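Reviewing the structure listed below.
The values are calculated or read from the model by the stated rules, or taken from the named source; none is laboratory data. Everything numeric here is computed off the predicted structure, so don't read it as measured data. Here the Cβ is made from the backbone with ideal geometry for all residues, glycine too, and neighbour counts use every protein chain on show.
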Amino acid sequence: MLSRPVIVQAAIDVIDAQGAAALSLRSVARRLGVDAKSLYNHIENKEALLDAIAQQVLSRMVVPAATGDLRTDLIAIAHAFRAAALSSHREAVTLVLSRPAELLAHLTPLEATLAALMAAGAKPDWAVHAVRATLAFISGSLLREASTGLTLGADDPAIAGPREAALADLGLTHVALVAPYLSRLDHLREFDFGIGILADAFVRELAQAAAKA
């Protein structure tokens, strides 16, 4: 039976099978074997469908239970968000990150992050700055992982080898020095590195603020 959840799942299946560019109400209708007009009884338009897909993908996120340790909690929330965003076709990442932040599925991890920061002593305005900095890193990292952002490196040895040689031959001293590392990219390791540095900076800043108070 045709319903909104059935339509949303079919849309995700289209993205998984053909990529985000192939998504339309017509392609979803074809997958379901129905007339495209029948979809409008359950979904207002394509924008509403995109919002519903983002909601569905991020609803897979299981917000970790708070431990009371800011660094641990921020890193756990970030990894849970990453896992949910990447749980469908990688092209869906761009879609998820481009939808309005007011979606409930976006606000659940936001609430958990704000709670962790403010429990550690962050004032509301500082907590918002910290959240925005974290979101900027996570968004950029996920877009890169979905192959839509600047990477320089690759996780495929067949690509990384020639890229290392090309970087080493550019005539740039420091680029040549790091070419073996710059040409290779481990997305999870990079994510761990970046979110760890952010979390450490937040913990340090809050400790310094508390010491001055």
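When Thr151 is tested against (1) at pLDDT 85 or above; (2) closer than 18 Å to Leu86 by Cα; (3) not hydrophobic (A, V, I, L, M, F, W, C), exactly one condition is not met: (1).
Pairing residues of the stretch 115-129 that are at pLDDT 95 or above and surrounded by fewer than 20 Cβ atoms within 10 Å (Cβ to Cβ) with residues that are of a type outside the set (Phe, Trp, Tyr) and not in a helix (DSSP H, G or I), at Cβ distances under 8 Å and at least 6 apart in sequence or on separate chains, gives Ala115/Ala66; Ala119/Ala66; Ala119/Gly68. Within the stretch 166-200, the set of residues being surrounded by fewer than 17 Cβ atoms within 10 Å (Cβ to Cβ) and either in contact (Cβ under 8 Å) with a residue 60 or more places away in the chain or within 20 Å of Ser141 (Cα to Cα) (or both) comprises Tyr181, Asp186, Leu188, Arg189, Glu190, Asp192, Phe193, Gly194, Gly196, Ile197, Asp200. Here the helices (runs of 4 or more DSSP H) wholly within the stretch 42-104 that include at least 2 residues being touching a Phe, Trp or Tyr at 6+ places or on another chain (Cβ under 7 Å) are 70-85. Residues in the stretch 109-125 that are in contact with a helix residue (DSSP H, G or I) (Cβ under 8 Å, 6 or more places away or on another chain) and either part of a helix (DSSP H, G or I) or not assigned by TED's automatic domain parsing to the domain that holds Asp200 (or both): Pro109, Leu110, Ala112, Thr113, Leu114, Ala116, Leu117, Met118, Ala119, Pro124.
Gly121 meets the conditions (1) of a type outside the set (A, V, I, L, M, F, W, C); (2) over 19 Å from the mean Cα position of the chain (by Cα); (3) at negative phi in every case but one. The failed one is (3). Determine, yes or no, whether Gly19 is modelled with pLDDT of 85 or more and not assigned by TED's automatic domain parsing to the domain that holds Ala130. No; evaluated as a whole, the condition is false for this residue.
The sole residue among Ile159, Ile197 that is more than 22 Å from Leu114 (Cα to Cα) and either not in a helix (DSSP H, G or I) or not small (Gly, Ala, Ser) (or both) is Ile159. Residue check: Ala29 meets all listed conditions (1) in contact (Cβ under 8 Å) with a residue 12 or more places away in the chain; (2) of a type in the set (Gly, Ala, Ser); (3) surrounded by 13 or more Cβ atoms within 10 Å (Cβ to Cβ); (4) in a helix (DSSP H, G or I) but one, namely (1).
Taking Val28, is it of a type in the set (A, V, I, L, M), outside the structural domain of Ala120 (by TED's automatic domain parsing) and either in contact with a Phe, Trp or Tyr (Cβ under 8 Å, 6 or more places away or on another chain) or more than 21 Å from Leu107 (Cβ to Cβ) (or both)? It is true that Val28 is of a type in the set (A, V, I, L, M), outside the structural domain of Ala120 (by TED's automatic domain parsing) and either in contact with a Phe, Trp or Tyr (Cβ under 8 Å, 6 or more places away or on another chain) or more than 21 Å from Leu107 (Cβ to Cβ) (or both). Exactly one residue out of Val57, Val62 is of a type outside the set (Ser, Thr, Tyr) and surrounded by 15 or more Cβ atoms within 10 Å (Cβ to Cβ), and it is Val57. Residue count for the stretch 179-194 under the criterion of being modelled with pLDDT under 95 and in a helix (DSSP H, G or I): the result is 8.
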